[in-house]
Amino acid sequence: MQREQQRGRRTAGTVRLSEIFTSIEGEGVFFGTKTMFVRLAGCPLKCHWCDTPYAIPMDSGYAHTIDEVKEMISCELQENTYKVNFTGGEPLAQHEAVIELAKFVRKKGVKTYLESACYDSARFAKVLPYIDICKIEFKMKDARAVVDDKYYNNLLKNELECLKIATEAGKMPYIKVVVTNSTDVDEFSALVKEVFRVASPKNIAGFIIQPSHKTDEPVLERLFAFYDAVYPFYDQVRVVPQLHKIIGAR
Ligand SMILES: Nc1nc2[nH]cc(C(=O)O)c2c(=O)[nH]1
Ligand code: SF4
Ligand SMILES: [Mg+2]
């Protein structure tokens, strides 16, 4: 099929893919591991600091059949790959495709990982049984992921529900929050209280504070303020920048 014809199509049994590549995991508690990234195209959110804006439009990337993507994964798979990271865009926007592809990856003996903004807890619950390692991301208001407070409250509700679902399933998720110099410390502290109301520290694998990169970067004093808000609840909190940006990897 011609590339131009594939653009804009999103039909059952197909997946819109932005890119597949292997790199060093640059985020979260598994940073430094050789990882294959399967970037699905399309995201319903619009974080102003998004580092993959090309994957936000729902009609970005190209449509492929699931079998084509399985073949691409097989070709891309390098030895000693620690995990396959389903990212985006937003992988839950195509959750059925992620389930099929995650099953396939597991059959190859490689771990599956979900890099989601957790905007839809019902979809998250459907995908989770096929995911070995998961991260629960919380967006602060200054990310401007959604248009107004009504949508923000709904997003937060879904994120907290995903955290509950993942911990109750014994998945030992870790938490990640991207902060900028404009992130409100009181809002962050209130979020931390909510997080530890839902999850016990013994049921999470980490709490990552990720400083924004090249956009309104937080100064050290601000990072201390975020760190200090988490530490009394969870002393395994870490401030971890994006490693791939530092080493110049994809
Ligand atoms: N190296 C590398 N690590 C990553 N971790 C999460 C990524 C993402 O775009 O979701 C990403 C990415 O794009 N590259
Ligand atoms: S949720 Fe992720 S992919 Fe979507 S806009 Fe935000 S950073 Fe970009
Ligand atoms: Mg990303």
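None of the figures in this text is laboratory data; all of them are computed from the coordinates on show. Source: prediction; values computed, not measured. Neighbour counts run over all protein chains shown; Cβ positions are idealised from the backbone, glycine included.
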Filtering segment 216-242 down to residues that are among the acidic types (Asp, Glu) and either in contact with a Cys (Cβ under 8 Å, 6 or more places away or on another chain) or more than 16 Å from residue 174 (Cβ to Cβ) (or both) yields 216, 217, 221, 228
Filtering segment 194-250 for residues that are aliphatic (A, V, I, L, M) and closer than 19 Å to residue 136 by Cβ leaves a count of 12
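Does residue 183 satisfy being touching a residue at least 40 places away in the same chain (Cβ under 8 Å) and surrounded by 14 or more Cβ atoms within 10 Å (Cβ to Cβ)? Don't jump to the end; show me each part of the working.
Working: touching a residue at least 40 places away in the same chain (Cβ under 8 Å): yes; surrounded by 14 or more Cβ atoms within 10 Å (Cβ to Cβ): yes.
For residue 183, the condition - touching a residue at least 40 places away in the same chain (Cβ under 8 Å) and surrounded by 14 or more Cβ atoms within 10 Å (Cβ to Cβ) - is met.
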Here, strands (runs of 3 or more DSSP E) confined to segment 44-144 with at least 3 residues that are within 14 Å of ligand 3 (Cβ to nearest atom) are 83-87
Of those in segment 30-61 that are aliphatic (A, V, I, L, M) and surrounded by 20 or more Cβ atoms within 10 Å (Cβ to Cβ), the residue farthest from ligand 2 (Cβ to nearest atom) is 36
